[in-house]
Every structure is written in C-alpha cells, then in structure tokens.
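K.L.:
So that we are looking at the same thing, I have put the structure below in structure tokens.
The values are calculated or read from the model by the stated rules, or taken from the named source; none is laboratory data. On a predicted model such as this, the values are computed, not experimentally measured, just so you know. All Cβ positions, even for glycine, are placed from backbone atoms using ideal geometry, and neighbour counts span all protein chains on display. Each accessible area value is taken on the protein alone, full model and side chains, heavy atoms only, with ligands, DNA and RNA left out. Shrake-Rupley method; radii C 1.70, N 1.55, O 1.52, S 1.80 Å.
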Amino acid sequence: MDTVIIGLPQSGKTTLFNALTLGKSDASGTSGSATEMHMGVVKVPDPRLDSLAEVYNPRKVVPAEIRYIDLPGPESMAKSQGISGKYRNILQSATAFLVAVRAFSNEAVPHPIGDVDPARDLETMLNELSFADLEVLERASTRLGDQMHKTKPADRPAAVRHKDAVEKARAGLEDGVPVRLQSFTDSERAILVNYQLLTDKNVIAVFNTDEDADDIRIADLGLDHNLVQGVGEVNISARIEAELAMMDADEAAEFRADLELGDSATRQVINESYHTLGLVSFLTVGDDEVRAWSVPGGMPAVDAAGVIHTDFTRGFIRAEGIAYDDFSVCGSMAQGRKEGRLRSEGKTYPVRDGDIINFLVNT
Ligand SMILES: Nc1nc2c(ncn2[C@@H]2O[C@H](COP(=O)(O)OP(=O)(O)OP(=O)(O)O)[C@@H](O)[C@H]2O)c(=O)[nH]1
Ligand SMILES: [Mg+2]
C-alpha cells in the first residue's frame, strides 16, 4: 500500500517522511534534499503477530507494510505547478495521500504563499487534486467525443456508456464533489477506475504544528463540507518527531514522557490511515510464516485470497477462519475446530480485523 506525501513547498513533507520512516525502514536517500524522491517501508506494529509467533515458531514473521513516498518539493503539486509528468504515475498509483499542512512558525522558513494559514493551504492542496482530475476528464471527454463517429455501430453503446461515466464524474467535480464521494454504478466505477483519479483516493491531513500548540481540527477550519468530508486528520510536530525517530526506543520513550507527547508520529499516522481507509488486518499462520495483511474492512474472502496470490482468486475453494480472540482462548487451530470456533466460509465472507485465515485453494 503506497501513501504519497504531498503538500505545498516547505510544508515539512521531508521532515514528516523522516519522522515516519527513520529508524523503522530501509528509507532510501533521506538526505533531506529537495531534488530526489524518497521511499520508505514502515511495518505496521501488531502485538497479535508476536503472540502467534510464540505458538508457531515460524521461520519468518511478516507484519503488514505501508510504503511512504516523499516527492521533491515542486513536483508534489505546488500551487500553479500542476502535476509533473515525471511523478504523475506515482500519484495515480497511490492508495492514499498524506497532505502535509504547515502550521509551525519558523522565521527562517518563509511560507511560499504568505502567512501561516492551515485552512488555506489544505484547501489549496485539495483543490489541486480536483484540478488534476478535471484536466484528465476533460481531455478524455474530448477524445471520446472525437472518436465517436469512427466507432462501429456495435461498439457504440459501450462507447456512449464510457463517455457518460466520464461526463458524470466531471460534472460532480465541477460541483465541488470529489470522486470518492460521488455515487456511481458498478459499471461506471469499472470505467473510471482506469483513470486512477486523484480525488478518488483517501486523504489524511497532517497538521505540522509547533509542539506546544493546540491541535487543529478540520471541522473548525470553515472549509467546504464536500471538500473535506472523509478527510482524516493528525496533528504532529514533524521536526521533533523526526528527531525522536532517530533515537533508540528507550531514549525516545523517555523524551516523549518528558515532553508529554502522545503516540509516535508513525503510530498516529498508521492508526488514522487504518481509520480513514477503513483497513483491517487479517492474519495467516504456519510453521514457515506468520503474517499480517492489510485490506479494506469487509473485503470478500475471495479478494482477500487474491491479495496473497493472484492465483488464489481463481482457485478459491473456501476459507477456514477463526477470530484472533477465539484462537487465544483455544491455543491452536485443532482445538478451535473441536470447540466449533473455526468457521468454514465461502467467497463472499467479509473479512474482519484479526481473522486468522487459512485459504483452501485449487492451484
Ligand atoms: N519549526 C519547525 N520547523 C520545521 C518543522 N517541520 C519542518 N520544518 C522546517 O521547515 C523547512 C522545510 O521542511 P522540509 O521537511 O524540507 O519541507 P518540504 O515540504 O519537504 O520542502 P520541499 O521538499 O522543499 O517542498 C526545513 O527547514 C525544516 O527544518 C516543524 O515542525 N517545526
Ligand atoms: Mg522535501
């Protein structure tokens, strides 16, 4: 799952990236330079994995992972810069965006637009996403219109449906409704998914505040309801968090207690990501590997199987599952079966957080 950090220049994107990934990942190129892209993988902490590892003694324990990407300043959609071709595909393939919003005061760092104004900056960035989508949809609409007269009569209904779906999304956006909040039929969704629209993705605002400042709440910013509906929010002081991320765990915990800071930036952002995206973790166990997988909550079992291996979707027979809490009581799958807590589920079973699942597949 890729989360791309966007934001106005000098809003603290790279500092936030460091706070999230330093010491926890194989983050590459974290020089702080504004000219290169950084990527870092963060493992999602999950104590359930540790307990399961004690039972199974597997060769590997693999937590769920979130990959964070920090783009060079001007490329990350600064106002009026548009989206550069070079990074467009990275933005398009993202699962979610973190919008770094400057709320810190720092005389040495001039704000690129004017004063420090979190409401304006968040609005600017969210509008940038809409503008980018409108541009894509307008171009698609023109192209589809131009091609229509060349379309064979047999293909015309599909071509019309395609153009209608594009027009509908565009009209919604022009009314100020992000694609993720618009309602579409399944077939419209299937068409639009190919455009990888940016306003279809989940967004979390990360207010980068001074450490002694009160938290900022999106609801208090007076922004348009549609623009911010469903946008997650976190308040952190990126600079301090980046410094703490470089310390060893005990030392950082001591500082955190002294400064009366809450959870680490990583923990807060992961929690809010799970919340905003409605993610859950299901678990797989065995002597070889104990592993967590993050998927949208309620995902049908057959699709969850496909996350492990694409062949599993085709070969899906059924899923055997037990809730982690039941497993803890029973101590083993065999005991869970005896007590009737191990369930046999079909393709449509909605996966829940903490399900330990064994997929039976025909490969
Ligand atoms: N006081 C204070 N300064 C910060 C904070 N976060 C970032 N800065 C400073 O703001 C400047 C910009 O931070 P970066 O993390 O490089 O911002 P950026 O968004 O990656 O910048 P570009 O990639 O150039 O757009 C640096 O000088 C940081 O030290 C913060 O929480 N508090
Ligand atoms: Mg940067």
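K.L.:
Peptides 229-241, 47-59, 299-311: what's the order by average Cβ count within 10 Å, highest mean first?
P.N.:
Details: 229-241: 20.4, 47-59: 14.1, 299-311: 17.8.
Final packing ranking: 229-241, 299-311, 47-59.
K.L.:
Could you work out what % of the accessible surface of the chain is carbon and sulfur, using a 1.4 angstrom probe and leaving DNA, RNA and ligands out of the count?
P.N.:
48 percent
K.L.:
How much length is gained on full extension from Phe184 to Ser141, taking 0.36 nm per residue of separation minus their Cα-Cα distance? List each step's numbers first, then the result.
P.N.:
Working: separation 43, 0.36 × 43 = 15.48 nm, distance 1.74 nm.
Full extension from Phe184 to Ser141 adds 13.7 nm.
K.L.:
With an 8 Å cut-off on Cα pairs and a minimum separation of 6 or more residues, tell me the relative contact order of the range 182-297 in percent. Let's see the in-between values first.
P.N.:
Details: 94 pairs, mean separation 25.2, N = 116.
The normalised contact order for the range 182-297 reaches 22 percent.
K.L.:
What order, most packed first, do the peptides 280-293, 9-22 have when packing is the mean number of other Cβ atoms within 10 Å of each residue? Intermediate results must be reported in sequence, preceding the final value.
P.N.:
Numbers: 280-293: 18.9, 9-22: 25.0.
My ranking of the peptides, most packed first, is 9-22, 280-293.
K.L.:
Separate question: Tell me the per residue accessible area of the chain using a 1.4 Å probe; a whole number in Å² is fine.
P.N.:
Counting only protein heavy atoms, the per-residue value for the chain is 49 Å².
K.L.:
Another question, if that's okay. Once R0 is set to 56 Å, what does the formula 1/(1 + (r/R0)^6) return for the Cβ-Cβ distance between Asp164 and Asp248, expressed as a FRET efficiency to the nearest 0.05?
P.N.:
With a Förster radius of 56 Å, E is 0.45.
K.L.:
In addition: So if I place +1 on the C-beta of Lys and Arg and -1 on the C-beta of Asp and Glu, and nothing else carries charge, what would the dipole magnitude of the chain be about its Cα centre? I want it in debye, nearest 20.
P.N.:
Result for the chain is approximately 2140 debye, rounded to the nearest 20.
K.L.:
Which FRET efficiency value, to the nearest 0.05, do you get for Asp353 and Asp212 by plugging their Cβ-Cβ distance into 1/(1 + (r/R0)^6) with R0 = 35 Å? Could you put the intermediate results ahead of the total?
P.N.:
Working: r = 35 Å, r/R0 = 1.01.
Taking R0 as 35 Å, the efficiency between Asp353 and Asp212 is 0.50.
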